[in-house]
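Here the structure comes first, spelled out in structure tokens, and everything after it is commentary.
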Amino acid sequence: MDANTKYLDARERTKRQLRQIEALLDAHAKRQAKAPTNWGYVGDVNSVVRELGEVIESMGGTEPVEEARR
């Protein structure tokens with residue numbers, strides 16, 4: 001398999017993963033709505049924000065990791 005084919009395959013996997021993250025985030029929000037005073041949900045989401053910030057930064061994006069830590 002050549003580099004372009006591997007790239008396109010990986011890109012499609014990434015798109016599927018992003019859709020899964022969106023669905024999981026929606027499900028997480030529903031659970032949080034049932035326990036709005038539980039700070040654990042805040043920690044969960046802030047962890048994801050940090051990790052996604054690192055991914056964005058690694059791809060040349062403009063959201064520095066430090067902004068995501070706030």
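The values are calculated or read from the model by the stated rules, or taken from the named source; none is laboratory data. Everything numeric here is computed off the predicted structure, so don't read it as measured data. Neighbour counts run over all protein chains shown; Cβ positions are idealised from the backbone, glycine included. To get the accessible areas, we keep the full protein, side chains included, count just its heavy atoms, and leave off ligands, DNA and RNA. Shrake-Rupley method; radii C 1.70, N 1.55, O 1.52, S 1.80 Å.
Here the accessible area of the chain is 55 percent carbon and sulfur, with a 1.4 angstrom probe and all protein chains present. For the chain, the residue among ASN38, TYR7, GLY53 whose Cα projects farthest onto the positive side of the dipole built from Cβ charges is ASN38. Placing unit charges on the Cβ atoms only, positive for Lys and Arg and negative for Asp and Glu, gives the chain a dipole magnitude near 380 debye about its Cα centre. The angle between the Cα long axis of helix 40-58 and the main principal axis of the chain comes to about 20°, on a 0 to 90 degree scale.
For the chain, the longest principal axis of the Cα atoms and the long axis of helix 3-33 meet at an angle of about 10 degrees. Taking 7 Å steps out from each Cα toward its Cβ at HIS28 and ARG13 produces label points 2.2 nm apart. Put simply, when 53-61, 7-15 are sorted by average Cβ atoms within 10 angstrom per residue, most first, you get 53-61, 7-15. Looking at the chain, the accessible area is 85 square angstrom per residue; that uses a 1.4 Å probe and ignores ligands, DNA and RNA. Using just the helices of the chain, give the 222 nm mean residue ellipticity in deg cm²/dmol: DSSP H runs with n ≥ 4 each add -39,500 (n - 2.57), and the total is spread over all residues, rounded to 500. Taken over the chain, the calculation gives -26000 deg cm²/dmol. With each label modelled as a point 7 angstrom along the Cα→C-beta vector, the ARG50-ALA3 pair spans 3.5 nm. Calculated from the structure at hand, Cα extents along the principal axes in Å is found among (1) 51, 26, 13; (2) 43, 30, 15; (3) 37, 26, 25 as (1).
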